[in-house]
Amino acid sequence: MTGRIFDIQRFSIHDGPGIRTTVFLKGCPLRCKWCHNPEGIGPEPQLSVMAAKCVGCKACLAACKEGALALNGSQKVVIDRARCTSCGDCPPVCDPKALEMVGRTATVDEVMAPVLRDREYYRASGGGMTLSGGEPLFQPAFAGALLKAARAAGLHTAVETSGFAEWAALDQIRPDTDLFLYDYKETDPHLHQAFTGQPNAPILENLRKLHAAGARILLRCPMIPEFNARKEHLDGIARTAGELPRLIGVELLAYHRLGSSKLRRFGFPTRMPESVKSPDAEAVREWNAYLARKGVRLVNAPPGAVSKVAGP
Amino acid sequence: MRHGRPFSRREFLLSAAAAGPVFAGVARPSTPALGELRRDILASMDYPRVALHRARVFTRVFQATEDKPWEVRKAMALREHFRTVPLYLRPGDSIAGSISETPGAMSLMAELGFGEIGTDMNPQWRGYLKGKVPPEIWQYWKTRNLWGRFAAANPGQRGPISPDSGQQAPYKFISNQGHLSPSYGELLKIGLGGVLKRVRDRKAGERDPDKLAFLTAAEESLRGVSEWARRYSEVLKGDLARIAAKVATEPPSTFHEAMQLIWFAHQAIHIEGHGWSCAPDHIDRLLLPFYEADKKAGRLNDAQALALCENFVLKMHDNTYWGPLELTQGLCVGGSTPDGQDLTNRLSWLFIEGGANLALPEPLLWIRWHPRIDQKFFDFCLGRLAQHTCFPLMWNDKAVPDGLMGLGVSREDAYNYIAVGCNELAIPGQCYFNPGATANSMRAIELALTSGKGYRGGGKNPLASPAAELATFDSFAAAVGAYLRDGIERTYRDDMLVLKATMEWGRTPFTSCFFDGCIERARDMALGTKYNILSCGGVFFANAVDCLAAIREVVYQRREATLVDVAAACKANFQGHERLRAKLLAAPKHGNDDPRLDDIIPLVERLRDTPMKEICRDPRDGARFGNVHITKAAAVLTGRVTLATPDGRLAGTPLASSVAASAGVERSGPTALLNSVCKMNAAKSWQSGYQVNLRLQNVMLANQGNRDKVRAMLNVYFNQGGQELQINSIDTEMLRAAQKNPGQYRDLVVRVAGFSEFFVNLTPEMQDEIIARTAH
Ligand code: SF4
Ligand code: SF4
């Protein structure tokens, strides 16, 4: 069994309990405008260009059959994305790693080897493995196999998901998943379609089913100024949480512009207007406080926002 | 932030946490008086000042006592110094006793040597000694002090340096060895008077002239210290006067008295010349009975005890100053007994709390982790780390005693170990750190690559086959081993010459009174303590691992270059060899838990250990050497003058300061870093200590949820045998800001490979190095 991943990150401490290793699976059916991992969207490997690392040796120019590469005036590589076919011929000749393919095919064992190296840390901290992406359920069989392998090794398992998947896929990984970190991106169906490129109805339906099936779920809500950071959406979060009594809680994730430098590396157009800034700590506190007043159980809320802060 | 790596969703949020980073390193003294004392001490440290009273007295007394044994003359001079040195007390100070007659000034140790120290760290202070040493002092001592006599006895070795040459002096020639911890248990029981009586009792009837000389010297210096304390009682007022008068001879009965007595003894040791890296025994354990008795009697509350602990920490800081260099004073608290009982007590908490409140780069604060450490105390320490940015540092009782026992230390004594200096180990009153050889693997690799010539030429006889003929990786490793053996042999020979001179002219009869058996045997500690464990210092371990790994992969496995190519590329600082450099850089790097290094790590250890064990023996009793990792500022300073290295490092850039990873190559997070360290054999290859630096973003320690995870991680690391750990709690943004606006960040303390410093005092280069070390 093989699948496509684009990173394995050890000592992840923000995605589920304890010390974790997060495996990032490649491929995602959504196109959120604020996507912070654009390299996770396409299922195929993506060419990353970091001109700063280029030493101007010209090896790649010869390797590229499409003539997509050139050097600029300061002897740094530039790429013509319109010509590049992501064939992968240039990175092997680029020793300084200015050109790199992001995304690779790996077997379950290849993924599990580094994951298992931190076993003692998981045991001591109540941590484990988290699948993220992209959308892990974009590769349901592979995700399922990884979760099974982790479970067999006695690890706690968590899955970060947008919930946009066949119910059968969710249902199939459910028994091997100790915790779902389930995204709730936008309440208004039209806006959801506009922001993410997909409807929210199937996501909500899956959420209800997952809840009914007894899964442990933490609802995670990215809060993006000028997009979904509105009272109506907060009300929607509160309403949804209210309908799901066994929900562990709600965690608000405030927007950050850290993804923008990555867009450039992969040649993606910037889709977020410059005006969208990370919210300040005060705004984040207010959102949390608003939800707290509505009786929502909050997780990892900033101090002062709610009197009692729970943890997953 | 990790640009270019996928962000977890939670990381994506980070703004909430990043919005308000805790400003680490801000002082919060617990009383206004301590705040004033702190300000006064820091204000006097703006420029290296030299105090001359000691040198004047020593010159006078030595001139008048030519016929007496050296150590007796030294003790007479010391006593005369204590009888005449002008006294002062800083505002807000409740503990009397200072290093010299001038606030913020270090005494010139004329009988040892002249020369500047530490100006490579602060080049703007080069020449601070110039014109400060009166010619009659220099004239008298230049052939008579330790350094002068060493130079006369060892023609060809570096000769005495004049105070006006502005030259760097090896510290051993301008201070005694230091790196020790006296044992103060007996002193607290019987007082200075009691110790003096022991010396006199031992002296009665003694006929052996050497023994008599030692005992006379001990007696003289003990009397001098008592007289010094009594003089303080005459100038002080109220309770402070009473305390000083009492502890001048009598044992203490209260917490404050005990602390004052320890301070007098400790300061006197410094003045005698052993102050470098001196730790005052297990101070929390020693003071506990006094603290408990005072509390029971209603004489002391915790706020008062904390204030005294802070005062003590400030005294140690006041004491650290030697020219532009800190003397790495340290306090070590906590730890366990050989059967695993936790020895952490209330005072361990108070010293950590006091240290954090003062936010000073010195003294260093250490804790000893052990499997049964009170996790609340451990959490408290990590929380204070967020406040203080680097303290406490940690040693592991599960690793250190094993190494010492391997060198013949009894189990009970091994568990009594203590931290001294940057990352050295000692046992109070029984064994002190003393380097006796150096293993420079990087130089050995260079020589192996260049058939013994070195990149700059000038190497002597080749000791192995020419590089072009080293057909296998094993033969290359053997060549490295041959050059390393040669280096160890030569440095051992040189260091033993220094040791011999120190045994003769570096005796310290006062300090010896606090080392087991010195009084009974009537013999100075320089001639041997209970355990004589010298150390072979290894440098730049992580670079050596990376170099061998890169050479194996690129030269021997992929056959993409030859050793000769690698040597040429290093020599050229990789100019015109960029692709080769990229290949070398792409090889596995230590610190990332890479299984491809599993055999290289023990190889690098073995290449040093094997010859070291054959060559190095203590000349006094034949004891085996331990291995130690040498750091200090070497990583940056040596890096500056080191050409490019086969791990892909460019000329002039820093070498590895931590044994965990070379500068800027750790990419896999802290668990991978710690796993890498655990592949090293602490007990067999690092008996005298190594050093691991881990940088954590402040929010990892300031936030309870994160801190619990960090604590869990550290428990795993120590349980798996990690010997030592130092954490820098840093916000990279903050460091950049501090670089831009030093004025606003005067208080920011960072740990620089073995010592800590105010960040703004570092050279821009060192600041960059700190920033470059990957933050997690
Ligand atoms: S191969 Fe790499 S380093 Fe060389 S020119 Fe191309 S991008 Fe630059
Ligand atoms: S991936 Fe292929 S097409 Fe694209 S730049 Fe590289 S060699 Fe050219």
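The values are calculated or read from the model by the stated rules, or taken from the named source; none is laboratory data. Since we're looking at a predicted model, the values are computed, not measured. Ideal geometry is used to build each Cβ from the backbone, glycine not excepted, and the neighbour counts take in all protein chains shown. With ligands, DNA and RNA removed, areas are computed over all heavy atoms of the protein, side chains included. Shrake-Rupley method; radii C 1.70, N 1.55, O 1.52, S 1.80 Å.
Just one of the listed residues (B:ILE630, B:ILE615) is in contact (Cβ under 8 Å) with a residue 60 or more places away in the chain, open to solvent by 40 Å² or more (accessible area, probe 1.4 Å) and either within 14 Å of chain A (Cβ to nearest Cβ) or within 30 Å of B:LEU527 (Cβ to Cβ) (or both), namely B:ILE630. Note on region A:120-205: no enclosed helices (runs of 4 or more DSSP H) hold 1 or more residues that are within 14 Å of another protein chain (Cβ to nearest Cβ) and open to solvent by 30 Å² or more (accessible area, probe 1.4 Å). Every listed requirement among (1) open to solvent by 30 Å² or more (accessible area, probe 1.4 Å); (2) of a type outside the set (Gly, Ala, Ser); (3) within 8 Å of ligand 2 (Cβ to nearest atom) is met by A:LEU47 save one, (1). Would a scan of region A:61-74 turn up a residue that is more than 15 Å from ligand 1 (Cβ to nearest atom) and either at pLDDT below 95 or under 30 Å from B:ASP379 (Cβ atoms) (or both)? Within region A:61-74, none of the residues are more than 15 Å from ligand 1 (Cβ to nearest atom) and either at pLDDT below 95 or under 30 Å from B:ASP379 (Cβ atoms) (or both).
The set of residues from region A:89-104 being more than 8 Å from ligand 2 (Cβ to nearest atom) and within 27 Å of the chain's Cα centre (by Cα) comprises A:LYS97, A:ALA98, A:GLU100, A:VAL102, A:GLY103, A:ARG104. Just one of (1) on the phi < 0 side of the Ramachandran plot; (2) within 16 Å of ligand 2 (Cβ to nearest atom); (3) more than 13 Å from chain B (Cβ to nearest Cβ) fails for A:SER86. It is (1).
This table checks each residue for (1) in a loop (DSSP other than H, G, I, E, B); (2) touching a residue at least 12 places away in the same chain (Cβ under 8 Å); (3) open to solvent by 30 Å² or more (accessible area, probe 1.4 Å).
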position	(1), (2), (3)
B:GLY429	yes, yes, no
B:ALA444	no, yes, no
B:GLY458	yes, no, yes
B:ASN461	yes, no, yes
B:TYR483	no, yes, no
B:GLY487	no, yes, no
B:ARG490	no, no, yes
B:LYS500	no, yes, yes
B:MET503	no, yes, yes
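Of all residues in region B:573-596, those satisfying the criterion of being without any contact (Cβ under 8 Å) to a residue 60 or more places away in the chain and either within 16 Å of ligand 2 (Cβ to nearest atom) or more than 10 Å from chain A (Cβ to nearest Cβ) (or both) are B:GLN575, B:GLY576, B:HIS577, B:PRO588, B:ARG596. The set of residues in region A:72-83 that are part of a loop (DSSP other than H, G, I, E, B) and either more than 10 Å from ligand 2 (Cβ to nearest atom) or of a type in the set (Val, Ile, Thr) (or both) comprises A:ASN72, A:GLY73, A:SER74, A:GLN75, A:LYS76, A:ALA82.
B:LEU78: crowded, with 21+ Cβ neighbours inside 10 Å and more than 26 Å from B:ALA245 (Cα to Cα), yes or no? No: the conditions fail for B:LEU78. I'm trying to understand the selection: among the residues of region A:54-83, which are within 34 Å of the chain's Cα centre (by Cα) and open to solvent by 80 Å² or more (accessible area, probe 1.4 Å)? The answer is A:LYS65, A:GLU66, A:ALA82, A:ARG83.
May I ask you to list the residues in region B:534-558 that are farther than 24 Å from B:LEU643 by Cα and open to solvent by 10 Å² or more (accessible area, probe 1.4 Å)? Once the filter is applied, which keeps residues that are farther than 24 Å from B:LEU643 by Cα and open to solvent by 10 Å² or more (accessible area, probe 1.4 Å), region B:534-558 yields B:GLN557, B:ARG558. A single member of A:PRO96, A:PRO29, A:PRO91, A:PRO43 is away from chain B (no Cβ under 11 Å) and within 13 Å of ligand 1 (Cβ to nearest atom), and it is A:PRO91. Look through region B:561-571, keep the residues that are away from chain A (no Cβ under 12 Å) and free of Cβ contacts under 8 Å to residues at least 40 places away in the same chain, and return whichever of them is nearest to the chain's Cα centre (by Cα). Per the criteria, the residue is B:ALA568.
Residue-wise test of (1) modelled with pLDDT of 80 or more; (2) not in a loop (DSSP other than H, G, I, E, B).
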residue	(1), (2)
B:MET700	yes, yes
B:GLY705	yes, yes
B:ASN715	yes, yes
B:GLY721	yes, no
B:SER729	no, yes
B:ARG736	yes, yes
B:GLU769	no, yes
B:THR774	no, no
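Taking only region A:86-116 into account, find how many residues are in contact (Cβ under 8 Å) with a residue 60 or more places away in the chain and either surrounded by fewer than 20 Cβ atoms within 10 Å (Cβ to Cβ) or more than 12 Å from A:ILE19 (Cα to Cα) (or both). Selection size over region A:86-116: 9.
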